[in-house]
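My questions will all concern the structure given below.
The values are calculated or read from the model by the stated rules, or taken from the named source; none is laboratory data. Source: prediction; values computed, not measured. Here the Cβ positions follow ideal geometry from the backbone for every residue, glycine too, while neighbour counts run over all protein chains shown. All accessible areas refer to the heavy atoms of the entire protein, side chains included, with ligands and DNA or RNA removed. Shrake-Rupley method; radii C 1.70, N 1.55, O 1.52, S 1.80 Å.
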Amino acid sequence: MEIPTKYNPIAVEDKWYKYWLDNKYFESTPDEREAYSIVIPPPNVTGVLHMGHMLNNTIQDVLVRRARMTGKNALWIPGTDHASIATEAKVVNKLKEEGIDKNTLSRDEFLEHAWDWKEKHGGIILEQLKKLGASCDWTRTKFTMDKDLSESVIKVFVDLNNKGLIYRGVRMVNWDPSAQTAVSDEEVIHKEEQSKLYYVKYQIEGEDEFVTIATTRPETILGDTAVCVNPNDERYTHLKGKKVIVPLVNRVVPIIMDNYVDMEFGTGCLKITPAHDIHDYEIGNKYNLEVIDILNDDGTLSEKAELFVGVDRFQARKEIIPELEKSGSLIKIEEYTNKVGYSERTDAVIEPKLSMQWFLKMKDLAKPALENVINNEVKFYPEKFKNTYKHWMENVRDWNISRQLWWGHRIPAYYLPNSNDYVIAETAEEALVLAQEKTGNKDLQINDLRQDEDVLDTWFSSWLWPISVFDGINNPDNEEINYYYPTNDLVTAPEIIFFWVARMIISGYEYRDAKPFKNVYFTGIVRDKQRRKMSKSLGNSPDPIKLIEKYGADGVRVGMLLCSPAGNDLMFDEALTEQGRNFSNKIWNAFRLIKSWEIDNKIEQPEHAKKAIYWLKERTKKANASINKYYSTYRLSDGLMEVYKLFWDEFSSWYLEIIKPAYQQPIDKKTHEETLVLLDDLLKILHPFMPFITEEIWQLIDERKDGESIMISDMPKVDKFDEGIINDFEDVKEVISATRNIRKSKNLPNKDALTLKINPTSQGYNEDLNPVIVKLGNFSELDIVSEKVEGATSFMVKTSEYFIPLGDLINPEEEIAKLEEELKYNKGFLISVDKKLSNERFVNNAPEQVVAVEKKKKADAEEKIIAIESQLKHLK
């Protein structure tokens, strides 16, 4: 079969992905094998692939492919999140473009548009993940508003309510005027801004005196219901029991005294607006102050503001300044730097606002979830994130679970006729029975009940994800949940540790009395070379699909992983994906070289090939053991680098060079066959990282039956290895590198054979590897000597001396200069080792093995110095 000169990733990737799908290799059902399961962090149904998804899903695919190859029944469940705020915003914008105002539609009409939009545009991201090589079981694709998942969400809400953990009340929330819904503290991004600080005077009722307050939000003056000072502030003690007049609206409000006020900050006099500031709200509750909500849900001023009614809040801020100036109330304006909260989803400035919301009590629910992370029942990689998690969980606040939207899981609360009293049930029919019992009115009909308009926070469905994808809420003892749960690994970003990770652990212990996953691997944030977070607005985020088209999926996967240390931010550089593509080409060219050799069945296997095969087998075993350790600690970047060096350096640069037949000569059959076996092992170790090229070459190495695939073959097992041959081979590399340097410096062609003479010691020489030295160094003669060789250039490997007789080509002065440089280096090295060994603290506290290594370094350096000095003496 003709092997193409160039590797074509596009054709190969489409071909093998279809083959894997057709053969159902990604699919999993419970059986007698050990289960390995991962649930995908469900991307927003509105989403398209970005660099963060690329990193996260590459890591998941590496883990799940390796699990399959180690004999586990591996399952990776894909799916998408309904993303209430983001999706509703997209649908509203789409309707606006069509000239339709959401407010003119009924809830059902709007939801029809939303579902239509989801069917047309939702799931694009999952199709894009296929291009990356994601080996998800696509037959199990889930959506957080699927019927069974929705039923799970409602069932959990009802259960938590019945346990007394859900309540409803007016609270200060983070209000997003753009989406017109409450958002959680974690969904607010605080940005530092240059603002203005306005100093405004409030006249004391019945007096000419006034107090001065400073505010960054002068429009909220219209909602002030008190002024507060510290009772210990001597400047204001005479004002106790007095009142002030709020500028422009002339509202008379009390001066209250509370230790909350910082006397050193600003004027020491604080305006209190209970409806529009969380701290003011708390003071308002304490002193029973009037609450005046001056904002409509869309961020315009309400009738209660009295002025600027219907005007946007920021426009009102501009318009109120000249009015304050006219009334003589504005004293001065200063530049001021402060932090302003923005909605993560819509980028609108958040308004603290009083709103009727639903809440979940978190304190008791959080306890087992905190305890089982601290005791490592659920392990975090890197472990540093435990402290962040601990701090949040110990200070957990009740969760505002309601959102003022239509797209999502509607809260199953049903209000009684002409009442704010309600019943909670999974269905309207069940609610009716409860309502009839509650009212004693058996004539009540379903139409008499009014369901709550709000939907649940999106995270209220995704916190159940590891359970609900296996239908573990509706059918808690089904075969799948019992087999696949708890899942093995969760790969996610640290910024959703509270939104999602903590809450999944909470729901896992509440509904399964077990952790939802064993390990959490936190990826870093993908940044550009200037350390800026990648984002559309900065224009610094490449299109992942275009990268795949340019460098191949394997190239992009390698590029992402090479710069991805666990838990640390990833400095993405497109040059790394180019390096990944170059690695693909290196693998392909190595394979083509092997396949291009003519095979002669009659040739005996040469000794140098036997030695090289044994060495590479042992070197591969060592690398495999290291890679296995890297997997167990989620150091995938290091694991990839290990196999990268194994293939590029050991296999391509050294092994193939040793076994390569002479120009236009055949290779013996045994070496060729064993080389393909070694390549087979390398491809298997490499497959989780680079699935496409490894499948293509694996299929070409040998005749395969239909239905065979590298992805379901066995990963080479971790085995004991011969460290001795590996170390001895490193000495051989030094010999060959030194020989090549001599050839280069003397302009000696590689085709000209040389003579090598060796004065061996116990270190730096292994007679068994002479055939390899002869082959790689092109030596016509190799002799053992016991003394210096006249007219030869020399070098040392450890304490063994090597001589290459060059006759007239040798320059004694150059040789002396080279040896003196080497002597200087070794003496400096010996001083540094002596310094370490003379440090009692090091010798007494370091592990015995570490001290032994340093002592060996000292002995080697001393032996080397003696040998070099002897060489110099001989030359001089």
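So which residues in the range 759-777 are surrounded by fewer than 17 Cβ atoms within 10 Å (Cβ to Cβ) and either of a type in the set (A, V, I, L, M) or over 20 Å from residue 823 (Cβ atoms) (or both)?
Answer for the range 759-777, where residues must be surrounded by fewer than 17 Cβ atoms within 10 Å (Cβ to Cβ) and either of a type in the set (A, V, I, L, M) or over 20 Å from residue 823 (Cβ atoms) (or both): 762, 767, 768.
Continuing with the same structure: What number of residues in the range 738-758 are open to solvent by less than 40 Å² (accessible area, probe 1.4 Å), among the polar types (S, T, N, Q) and not in a helix (DSSP H, G or I)?
Qualifying residue count for the region: 1.
Let me ask something additional. All but one of (1) surrounded by fewer than 16 Cβ atoms within 10 Å (Cβ to Cβ); (2) out of contact with any strand residue (DSSP E or B) (no Cβ under 7 Å at 6 or more places or on another chain); (3) modelled with pLDDT of 95 or more hold for residue 669; state the number of the condition that does not hold.
Every condition holds for residue 669 apart from (2).
Can you name every residue in the range 471-514 that is basic (Lys, Arg) and closer than 28 Å to residue 32 by Cα?
First, the residues of the range 471-514 that are basic (Lys, Arg): 503, 512.
Matches in the range 471-514: 512 only.
I'm checking my understanding of the structure. Among residues of the range 216-240 that are surrounded by fewer than 20 Cβ atoms within 10 Å (Cβ to Cβ) and among the polar types (S, T, N, Q), which one is nearest to residue 395 (Cα to Cα)?
216
What residue, among those in the range 702-724 that are open to solvent by 20 Å² or more (accessible area, probe 1.4 Å) and in a helix (DSSP H, G or I), is farthest from residue 625 (Cα to Cα)?
Residue satisfying both the conditions and the ranking: 712.
Further question on the same structure: Considering every residue within the range 11-34, establish whether at least one is in contact with a Leu (Cβ under 8 Å, 6 or more places away or on another chain), open to solvent by less than 20 Å² (accessible area, probe 1.4 Å), over 30 Å from residue 93 (Cβ atoms) and modelled with pLDDT of 95 or more.
First pass over the range 11-34, keeping only residues in contact with a Leu (Cβ under 8 Å, 6 or more places away or on another chain): 28.
Restricting the remaining residues to those that are open to solvent by less than 20 Å² (accessible area, probe 1.4 Å) gives 28.
Subset that is over 30 Å from residue 93 (Cβ atoms): 28.
Narrowing the set further to residues that are modelled with pLDDT of 95 or more leaves 28.
Yes: one or more hits.
Please find, within the range 176-200, the residue that is farthest from the chain's Cα centre (by Cα) out of those that are buried (at least 20 other Cβ atoms within 10 Å of the Cβ) and assigned to a strand (DSSP E or B).
200
Name the single residue, out of those in the range 519-557 being open to solvent by 10 Å² or more (accessible area, probe 1.4 Å) and of a type in the set (Lys, Arg), that is farthest from the chain's Cα centre (by Cα).
Looking at residues that are open to solvent by 10 Å² or more (accessible area, probe 1.4 Å) and of a type in the set (Lys, Arg), I get 550.
Here is a follow-up. Residue 393 fails exactly one of the following numbered conditions: (1) assigned to a helix (DSSP H, G or I); (2) closer than 15 Å to residue 154 by Cα. What is the number of that condition?
Among (1) assigned to a helix (DSSP H, G or I); (2) closer than 15 Å to residue 154 by Cα, the lone unmet condition for residue 393 is (2).
Here's another thing I want to ask about it. Looking at 155, 142, 72, 163, can you tell me which residue is modelled with pLDDT of 95 or more, closer than 30 Å to residue 360 by Cα, touching a strand residue (DSSP E or B) at 6+ places or on another chain (Cβ under 8 Å) and of a type in the set (Lys, Arg)? Spell out how you get there, then give the answer.
On the way: 155 fails: touching a strand residue (DSSP E or B) at 6+ places or on another chain (Cβ under 8 Å); 72 fails: closer than 30 Å to residue 360 by Cα; 163 fails: touching a strand residue (DSSP E or B) at 6+ places or on another chain (Cβ under 8 Å).
Testing whether each residue is modelled with pLDDT of 95 or more, closer than 30 Å to residue 360 by Cα, touching a strand residue (DSSP E or B) at 6+ places or on another chain (Cβ under 8 Å) and of a type in the set (Lys, Arg) leaves just 142.
Identify, please: which residue in the range 211-229 is in a loop (DSSP other than H, G, I, E, B) and under 47 Å from the mean Cα position of the chain (by Cα) and is, among those, farthest from residue 332 (Cα to Cα)? So that I can check it myself, show each step before the final result.
Here is the first cut: in the range 211-229, the residues in a loop (DSSP other than H, G, I, E, B) are 216-217, 224-225.
Next, from what is left, pick out any that are under 47 Å from the mean Cα position of the chain (by Cα): 216-217, 224.
Working: 216: 12, 217: 14, 224: 20 Å.
That would be 224.
Now, a different point. Pull out all pairs, ordered by first then second residue, where Cβ-Cβ is under 8 Å, the residues are six or more apart or on different chains, the first lies in the range 829-841 and is within 14 Å of residue 857 (Cβ to Cβ), and the second is in a helix (DSSP H, G or I) and among the basic types (Lys, Arg).
Final answer for the pair search is 829/857; 830/858; 833/857; 833/858; 834/858; 837/855; 837/858.
Only one of 851, 774 is hydrophobic (A, V, I, L, M, F, W, C) and within 27 Å of residue 749 (Cα to Cα). Can you tell me which? Working first, answer last.
Working: 851 fails: within 27 Å of residue 749 (Cα to Cα).
Only one candidate passes the filter, namely 774.
Sticking with this structure for a sec: Condition first: closer than 30 Å to residue 58 by Cα and not in a helix (DSSP H, G or I). Can you find one or more residues in the range 670-685 that meet it?
Within the range 670-685 (the criterion being closer than 30 Å to residue 58 by Cα and not in a helix (DSSP H, G or I)), the answer is no, since none of the residues qualifies.
Taking strands (runs of 3 or more DSSP E) that do not extend beyond the range 759-825, which have at least 1 residues that are closer than 17 Å to residue 731 by Cα and of a type in the set (Gly, Ala, Ser)?
On the way: elements: 779-784, 792-797, 800-805.
Output list reads 792-797, 800-805.
Here is a further query. Could you tell me whether residue 244 is touching a Phe, Trp or Tyr at 6+ places or on another chain (Cβ under 6 Å) and part of a strand (DSSP E or B)?
Numbers: touching a Phe, Trp or Tyr at 6+ places or on another chain (Cβ under 6 Å): yes; part of a strand (DSSP E or B): yes.
Taking the combined requirement at face value, the residue satisfies it.
Here's the yes/no breakdown for (1) open to solvent by 10 Å² or more (accessible area, probe 1.4 Å); (2) within 23 Å of residue 148 (Cβ to Cβ); (3) touching a Leu at 6+ places or on another chain (Cβ under 8 Å):
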| site | (1), (2), (3) |
| --- | --- |
| 425 | no, yes, yes |
| 431 | no, yes, yes |
| 435 | no, no, yes |
| 446 | yes, no, yes |
| 471 | yes, yes, no |
| 503 | no, yes, no |
| 507 | no, yes, yes |
| 514 | yes, yes, no |
| 517 | no, yes, yes |
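Here is a check on your reading of the model: is residue 737 in contact (Cβ under 8 Å) with a residue 60 or more places away in the chain and polar (S, T, N, Q)?
Numbers: in contact (Cβ under 8 Å) with a residue 60 or more places away in the chain: no; polar (S, T, N, Q): yes.
Answer is no for this residue.
Here's something else I'd like to know. Which ones in the range 373-389 are out of contact with any helix residue (DSSP H, G or I) (no Cβ under 7 Å at 6 or more places or on another chain) and in a helix (DSSP H, G or I)? I'd like the intermediate steps shown before the answer.
The first filter runs over the range 373-389 and keeps only residues out of contact with any helix residue (DSSP H, G or I) (no Cβ under 7 Å at 6 or more places or on another chain), leaving 375-377, 379, 381-384, 387.
Scanning the range 373-389 gives a single hit, 387.
Here is a follow-up. Can you name the condition, by its number, that residue 347 falls short on among (1) surrounded by fewer than 17 Cβ atoms within 10 Å (Cβ to Cβ); (2) in contact with a helix residue (DSSP H, G or I) (Cβ under 6 Å, 6 or more places away or on another chain)?
For residue 347, the failing item is (2).
Those residues that are open to solvent by less than 10 Å² (accessible area, probe 1.4 Å), over 22 Å from residue 72 (Cα atoms) and of a type outside the set (Ser, Thr, Tyr), I need them from the range 473-501; list them, please.
Once the filter is applied, which keeps residues that are open to solvent by less than 10 Å² (accessible area, probe 1.4 Å), over 22 Å from residue 72 (Cα atoms) and of a type outside the set (Ser, Thr, Tyr), the range 473-501 yields 497, 499, 500, 501.
Would you pick out the residues in the range 489-517 that are outside any loop (DSSP other than H, G, I, E, B), of a type in the set (A, V, I, L, M) and over 20 Å from residue 533 (Cα atoms)? Let's see the steps before the verdict.
Start the filter on the range 489-517 by keeping residues that are outside any loop (DSSP other than H, G, I, E, B), which leaves 489-492, 494-511, 517.
Checking which are of a type in the set (A, V, I, L, M) leaves us with 490-491, 496-497, 501-502, 504-506.
Those that are outside any loop (DSSP other than H, G, I, E, B), of a type in the set (A, V, I, L, M) and over 20 Å from residue 533 (Cα atoms): 490, 501, 502, 504, 505, 506.
Quick check, is residue 735 open to solvent by 50 Å² or more (accessible area, probe 1.4 Å), touching a strand residue (DSSP E or B) at 6+ places or on another chain (Cβ under 9 Å), at pLDDT 95 or above and not in a loop (DSSP other than H, G, I, E, B)? Can you show your working first?
Numbers: open to solvent by 50 Å² or more (accessible area, probe 1.4 Å): no; touching a strand residue (DSSP E or B) at 6+ places or on another chain (Cβ under 9 Å): yes; at pLDDT 95 or above: yes; not in a loop (DSSP other than H, G, I, E, B): yes.
Judged against the criteria, residue 735 is not a match.
Residue 159: open to solvent by less than 10 Å² (accessible area, probe 1.4 Å), of a type in the set (D, E, K, R) and out of contact with any helix residue (DSSP H, G or I) (no Cβ under 7 Å at 6 or more places or on another chain), yes or no? Quick ask: steps written out before the conclusion?
Values: open to solvent by less than 10 Å² (accessible area, probe 1.4 Å): no; of a type in the set (D, E, K, R): yes; out of contact with any helix residue (DSSP H, G or I) (no Cβ under 7 Å at 6 or more places or on another chain): yes.
In short, no.
Listed residues 782, 875, 830; which is at pLDDT 85 or above and touching a Leu at 6+ places or on another chain (Cβ under 8 Å)?
Values: 875 fails: at pLDDT 85 or above; 830 fails: touching a Leu at 6+ places or on another chain (Cβ under 8 Å).
Only one candidate passes the filter, namely 782.
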